[in-house]
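To start, the structure itself, in structure tokens.
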Amino acid sequence: MKYRFLALLSIFCLCLGAQDLSSKMTVTAGTSMIIKSGTTLDATELNLKSTSNRFATVLDETGSISSGTVVNYDRYVNVVGSGAGGGNDLISLPVKAVDANFGDFLAYNTDGTATTANSEYMPTSGTLYAFGPYSNVQKAYINYDTATDLAVSLERAVGYRAATNSGQTLRFTGTISTGTETVSITTVDDYKWNSVGNPYPTYIDSQAFLTANESNLDPASTAIYAYNNGASSGPGTIGDFTIINYLTNTALNIAPGQGFLLANAGTTTHDISFTPAMRLFSGSDDFIAGRVENTHQMLRLKAEHANADFATEIYFNNFSTQGLDLGYDAKLFRESSLSFSLYSHLVEDNEGASMAIQSLETLNGEVIIPLGLKVEEGEQVKFSIENSTLSSDIEIYLEDNLTNTFTLLNDANYTFVTNTALSGTGRFYLRIGNVSLSQINKELNSLNLYTANQKIFVKGQLLQATQMGVYDSLGRLVMRSSLETGSNTNEIDVAHLSTGIYIVKLTNGKQKLTQKVILK
């Protein structure tokens with residue numbers, strides 16, 4: 001298991017009242033302990049245990065653990081490699097000594113003896129260890145090197161990638177944080193992804209975390225991206241990630257010492273905060289009182305070929321619009337690194353973002369959603385509905401703009417062979433509604449229009465020579481351009497136009513499209 005956000009029910013809870021405790025204590029995996037105000041815990045050692053899916057939790061209300069108590073957390077870390085049972089882990093420090101560095105961590109005794117250290121359970125390649133932080137400069141995790149990194153400090157609330165030889169626990173030693181912990185997230189050359197992690201030996205409420213930090217997260221990726229190495233499936237799981245936001249996986253909470261990925265807002269460095277108020281006594285479902293239930297319908301569309309499959313999800317609910325909805329829509333993580341992927345573009349105010357999850361207003365009539373597909377040449381690709389909670393009278397058509405075909409996916413899959421490598425939108429569209437095929441005008445093929453990087457993109461099949469007019473907010477024509485009929489993608493430079501809102505009109509003898517765009 002690669003991520004541990006599951007809302008697990010503790011098998012035993014221990015509440016410590018006003019008393020003195022002065023012995024060596026062990027809190028077993030799956031047990032929750034709360035140290036109440038007025039309690040002094042003066043044990044020589046407090047040892048917290050975990051397995052692959054059960055975690056000891058200790059909630060210290062007022063910092064009542066003696067400074068002389070050594071707190072150890074033996075945190076389960078997944079086996080190195082990929083495939084069944086493998087795939088590394090994203091972890092964080094549930095306890096920490098003041099000046100702890102990588103060298104200290106390697107030397108911690110994983111079983112409390114003087115003979116077995118963390119270093120003996122961790123895979124190595126020369127002097128490199130399977131442990132290190134994420135770099136958004138390199139756009140990858142890095143591995144610490146004992147030749148140069150022994151003195152590098154380990155930090156609370158930072159997410160690290162780690163692995164063990166055969167699925168063992170690694171020991172963390174130090175103190176339990178009872179205050180707010182912050183970690184900075186950055187953007188480097190428009191790359192926004194950062195790895196952070198739960199700094200407490202308790203679960204934390206994922207929804208409370210997102211609410212507190214949403215203003216510092218990328219509006220198109222206001223979500224927790226939990227790495228699972230493709231070992232999980234189901235709603236809210238796209239590729240190698242289980243996505244937690246205000247719509248999907250809302251009951252999953254973040255386990256002690258669990259790392260995950262976030263996307264920074266804009267280009268400014270922001271601080272992400274973990275607060276004591278987010279801590280949960282146990283991993284059981286909290287179902288916060290007063291939280292409005294989000295009733296929605298969902299469609300999970302899958303594309304697959306002989307060696308891989310990939311899904312994207314569309315949701316319909318009363319909280320969303322056809323544009324970008326903070327905390328409800330979620331972009332793909334590092335789409336450029338994927339060799340095979342399926343995604344959608346926003347129906348309105350599209351700026352070319354590839355969405356893993358798109359949330360739309362409650363379905364009323366028909367909606368046309370641009371789809372993006374990345375696949376190599378020579379693959380036989382099949383589109384199918386993997387899961388749907390839409391009512392039976394809602395028809396789901398896949399439009400292939402190249403072959404001018406419409407397939408009712410409710411009744412049949414759509415299969416084709418790629419004659420060339422595909423990447424991007426413009427060929428496929430998803431038509432969802434209660435409009436039958438006989439009501440679809442096949443000549444008015446869909447066109448996908450959006451702005452990005454001071455350019456206007458028009459993707460889709462133009463049936464005739466097409467003129468594009470750009471109008472300002474006063475209705476004045478500020479630019480005109482002719483589009484290439486034989487191309488599936490037209491790219492128009494508008495860098496000379498000022499930032500603001502414009503209306504783009506495309507016209508030819510068979511097609512018309514009028515759409516508002518925002519130039520930034």
**Request:** Please go through the residue pairs 49/96; 331/459; 139/459; 139/516; 139/382 and name each one whose alpha carbons sit more than 26 Å apart in this structure.
**Result:** 139/459; 139/516; 139/382
**Request:** Evaluate the distance, in nm, between pseudo-label points positioned 7 Å from the Cα of residue 403 and of residue 153 along their respective Cα→Cβ axes.
**Result:** 6.0 nm
**Message:** What does DSSP give for the stretch 35-159 in terms of the percent of beta bridges that are antiparallel, rounded to the nearest 5?
**Reply:** 55 percent
**Message:** On the Cα set of the chain, report Rg and Dmax in Å, please.
**Reply:** 25.9, 86
**Prompt:** At a Förster distance of 22 Å, what's the computed FRET efficiency of residue 67 paired with residue 36, Cβ-Cβ distance as r, to 0.05?
**Reply:** 0.70
**Prompt:** Which parts of the stretch 459-475 would a label at residue 497 reach, counting a residue when its backbone N lies under 18 Å from a point 7 Å out along Cα-to-Cβ?
**Reply:** 459-460, 466-475
**aspartates and glutamates with Cα under 13 Å of residue 512, excluding same-chain neighbours fewer than 8 positions away** = 443
**Message:** Residues of the stretch 351-395 with backbone nitrogen within less than 14 Å of a virtual label 7 Å along the Cα-to-Cβ line of residue 415, please, listed as ranges.
**Reply:** 379-384
**Request:** Give me the compactness ratio for the stretch 149-282, meaning the Cα radius of gyration over 2.2 N^0.38 Å.
**Result:** 1.05
**Prompt:** Quick one: if the Förster radius is 60 Å, what FRET efficiency do residue 146 and residue 361 give, using the C-beta to C-beta distance and rounding to 0.05?
**Reply:** 0.65
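Throughout, read-outs are computed from the coordinates displayed, never taken from laboratory work. Model, not experiment: these values are computed from the prediction. Note that we place each Cβ from the backbone using ideal geometry, even for glycine, and neighbour counts take in every protein chain shown.
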